[in-house]
Number of protein chains: 2
Amino acid sequence: MIKVVIIGNGNVAQHLLKVMLKTDEVTIVQVFARNKNNISHLITENRITSNYDEIEEADVYIISVSDNAIAEVASNLPFKNRLVVHTSGTSELSVLDNKNRKGVFYPLQTFSKSKVVDFSTIPICLETENESDYKTLEILANLISKKAYAISSEQRKSLHVAAVFVCNFVNHLYQIGNQICNENRVPFEILQPLIIETANKITELSPKEAQTGPALRNDTKTIEKHIEFLQNSNYQELYKLLTQSIQNVKKL
Amino acid sequence: MIKVVIIGNGNVAQHLLKVMLKTDEVTIVQVFARNKNNISHLITENRITSNYDEIEEADVYIISVSDNAIAEVASNLPFKNRLVVHTSGTSELSVLDNKNRKGVFYPLQTFSKSKVVDFSTIPICLETENESDYKTLEILANLISKKAYAISSEQRKSLHVAAVFVCNFVNHLYQIGNQICNENRVPFEILQPLIIETANKITELSPKEAQTGPALRNDTKTIEKHIEFLQNSNYQELYKLLTQSIQNVKKL
């Protein structure tokens with residue numbers, strides 16, 4: 001049995017709380033939340049505190065707050081030599097306070113408040129200062145997910161940049177596609193099976209193998225027609241730059 | 001029962017042939033293929049021809065060849081006033097020869113030779129010159145897929161540009177993510193659940209609603225760190241342009 005205190009009441013904190021409450025081998029000792037109302041629909045009020053001095057003993061303290069608040073929260077904790085972890089993809093291990101044993105417990109997924117997530121498929125990136133703490137986090141991660149990885153602060157930084165490309169920027173390209181459809185009175189849903197298939201493909205092929213389209217074929221006639229069609233100068237520039245980038249990779 | 005002749009032996013032709021052979025209400029009268037060997041694993045040799053004069057009578061002739069060969073193939077057909085369609089996303093209806101009734105039967109999906117596709121989920125974009133031909137194509141489309149749409153040549157052009165953004169360019173962003181992972185010895189598979197979830201999200205939310213990340217939050221500190229991290233000047237430029245583009249949309 002692993003005893004956990006969750007500190008925070010945001011999106012990730014709530015998703016972690018929900019999945020851990022359902023996990024037999026995890027006991028949620030307490031949730032620390034400045035505003036009890038944000039979290040009282042998930043856990044009974046006697047297990048919520050907003051007073052640092054009331055925080056109880058646990059095996060792992062999970063700080064799940066915004067990046068710029070992690071250091072302050074960690075330094076406010078009134079105990080020492082316990083395992084304290086944060087859940088951030090961008091903050092280094094070292095932002096945590098030296099008085100406790102530091103760790104990272106970073107679930108790599110895009111969380112929306114409204115959408116239910118299947119935690120078992122979410123990769124959890126772990127980092128600690130010593131091996132026995134790593135074992136603790138690994139056991140905890142494996143209780144809620146099938147995939148846990150040892151990822152250093154430096155690796156996590158690269159992972160976050162990569163995630164911006166494959167998630168945030170990809171979604172923006174969906175948005176451009178949606179806008180082109182709207183402007184031409186074509187239902188965007190026509191493109192959805194293509195979008196899903198394009199994503200599924202890279203579970204079987206590498207993205208380099210899966211690449212198709214006019215840029216890869218160097219079909220200059222089509223490329224010119226498309227750029228002319230776009231009109232919006234920002235989208236034209238993006239089209240040119242992405243086409244060029246695909247052709248650069250091809251040459252490698 | 002709809003009688004079909006397929007002209008061509010490429011990727012799309014083979015996928016159409018496979019699904020239509022399995023459909024009771026469709027009879028594949030014949031396949032026209034310059035090289036019989038390319039297609040003889042799918043259909044008996046007596047139903048393959050490479051001679052235009054041997055092409056038999058059918059309700060629909062489907063020309064599924066490369067874009068720049070459609071016009072020539074259509075003009076080579078030795079009959080007139082029959083329904084002849086092409087399967088291209090980029091060619092207009094008018095590239096077909098005037099001696100026959102023209103149509104488009106365009107399945108919008110990314111086809112790999114190796115990967116099995118579920119045709120029932122593929123949107124089929126239809127265009128004809130007259131209504132009774134549209135009815136014929138609609139019946140044929142509904143026999144192999146749940147989704148058929150009336151899409152004009154002009155709309156199809158916009159759909160193809162949009163598809164380049166949401167498929168080809170998206171896959172290139174996956175490739176960049178993969179490369180960043182490789183360079184930092186992080187397994188790319190960690191990002192796969194994020195990629196799948198990002199694609200699935202837009203079946204429930206519009207891309208504009210689904211947008212997240214440092215660009216949208218205007219988190220300039222993170223943005224600067226990421227650009228510095230990238231080093232590759234091409235990826236830096238892409239990062240800046242996509243960030244700017246997300247922020248432009250936010251202002252709308």
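Screening the candidates B:GLN155, B:GLN231 for the property of being on the phi > 0 side of the Ramachandran plot and out of contact with any Phe, Trp or Tyr (no Cβ under 6 Å at 6 or more places or on another chain) yields one hit, B:GLN231. Checking each residue in the stretch A:104-129 for being modelled with pLDDT under 95 and farther than 17 Å from A:ASN11 by Cβ picks out A:SER120, A:THR121. Across the stretch A:39-57, not a single residue is classified as within 25 Å of B:ARG217 (Cβ to Cβ) and modelled with pLDDT of 95 or more. With respect to (1) more than 10 Å from chain B (Cβ to nearest Cβ); (2) not in a helix (DSSP H, G or I), the lone exception for A:CYS125 is condition (1).
Looking at the stretch A:194-252, none of the helices (runs of 4 or more DSSP H) lying wholly inside it contains 2 or more residues that are more than 8 Å from chain B (Cβ to nearest Cβ) and touching a residue at least 60 places away in the same chain (Cβ under 8 Å). Among the residues making up the stretch A:31-52, those that are out of contact with any Lys or Arg (no Cβ under 8 Å at 6 or more places or on another chain), touching a residue at least 24 places away in the same chain (Cβ under 8 Å) and either closer than 19 Å to A:PHE79 by Cα or not β-branched (Val, Ile, Thr) (or both) are A:PHE32, A:ALA33, A:ARG34, A:ASN35, A:ASN38, A:TYR52.
In the set (1) among the aromatic types (Phe, Trp, Tyr); (2) in a helix (DSSP H, G or I); (3) at the interface with chain A (Cβ under 10 Å from one of its Cβ atoms), the condition left unmet by B:TYR149 is number (2). Does B:THR203 satisfy the condition of being crowded, with 23+ Cβ neighbours inside 10 Å, β-branched (Val, Ile, Thr) and out of contact with any strand residue (DSSP E or B) (no Cβ under 7 Å at 6 or more places or on another chain)? Here the answer is no, as B:THR203 does not meet what is asked. Could you tell me which of the residues A:THR121, A:THR128 is over 16 Å from the mean Cα position of the chain (by Cα) and within 25 Å of A:ILE2 (Cα to Cα)? Checking each option against the conditions leaves just A:THR128. Screening the candidates B:ILE55, B:ILE70, B:ILE63 for the property of being surrounded by 12 or more Cβ atoms within 10 Å (Cβ to Cβ), within 15 Å of B:LEU17 (Cα to Cα) and touching a residue at least 12 places away in the same chain (Cβ under 8 Å) yields one hit, B:ILE63. Kindly check whether there is at least one residue in the stretch A:68-76 that is of a type in the set (Asp, Glu), over 17 Å from A:TYR134 (Cβ atoms) and part of a loop (DSSP other than H, G, I, E, B). The answer is no, given that none of the residues of the stretch A:68-76 is of a type in the set (Asp, Glu), over 17 Å from A:TYR134 (Cβ atoms) and part of a loop (DSSP other than H, G, I, E, B). Among the residues of the stretch A:159-170, is there at least one that is of a type in the set (Gly, Ala, Ser), in contact (Cβ under 8 Å) with a residue 40 or more places away in the chain, crowded, with 22+ Cβ neighbours inside 10 Å and at the interface with chain B (Cβ under 7 Å from one of its Cβ atoms)? Yes, the stretch A:159-170 contains at least one residue that is of a type in the set (Gly, Ala, Ser), in contact (Cβ under 8 Å) with a residue 40 or more places away in the chain, crowded, with 22+ Cβ neighbours inside 10 Å and at the interface with chain B (Cβ under 7 Å from one of its Cβ atoms).
Check whether at least one residue in the stretch B:131-143 is crowded, with 21+ Cβ neighbours inside 10 Å, in the same structural domain as B:THR49 (by TED's automatic domain parsing) and part of a strand (DSSP E or B), and report yes or no. There is no residue in the stretch B:131-143 that is crowded, with 21+ Cβ neighbours inside 10 Å, in the same structural domain as B:THR49 (by TED's automatic domain parsing) and part of a strand (DSSP E or B). Selection of the stretch B:215-240 for residues being closer than 14 Å to A:LEU238 by Cβ and buried (at least 17 other Cβ atoms within 10 Å of the Cβ) yields B:ALA215, B:TYR235, B:LEU238, B:TYR239.
For beta carbons closer than 6 Å, sequence separation of 6+ or different chains, a first residue in the stretch B:129-154 that is in contact (Cβ under 8 Å) with a residue 40 or more places away in the chain and a second that is among the aromatic types (Phe, Trp, Tyr), the qualifying pairs are B:LEU137/B:PHE105; B:ILE144/B:PHE119. Residues of the stretch B:96-108 include at least one that is away from chain A (no Cβ under 14 Å), of a type in the set (Asp, Glu), assigned to a loop (DSSP other than H, G, I, E, B) and touching a residue at least 12 places away in the same chain (Cβ under 8 Å).
Considering only residues of the stretch B:198-251 that are under 21 Å from A:PRO187 (Cβ atoms) and of a type in the set (A, V, I, L, M), which is modelled with the lowest pLDDT? Across the stretch B:198-251, the extreme among qualifying residues is B:VAL249. Checking A:PHE32, A:PHE105 one by one, the residue that is aromatic (Phe, Trp, Tyr) and under 20 Å from the mean Cα position of the chain (by Cα) is A:PHE105 and no other.
The values are calculated or read from the model by the stated rules, or taken from the named source; none is laboratory data. Everything numeric here is computed off the predicted structure, so don't read it as measured data. Using ideal geometry, Cβ is built from the backbone for each residue, glycine included, and neighbour counts are taken over all protein chains shown.
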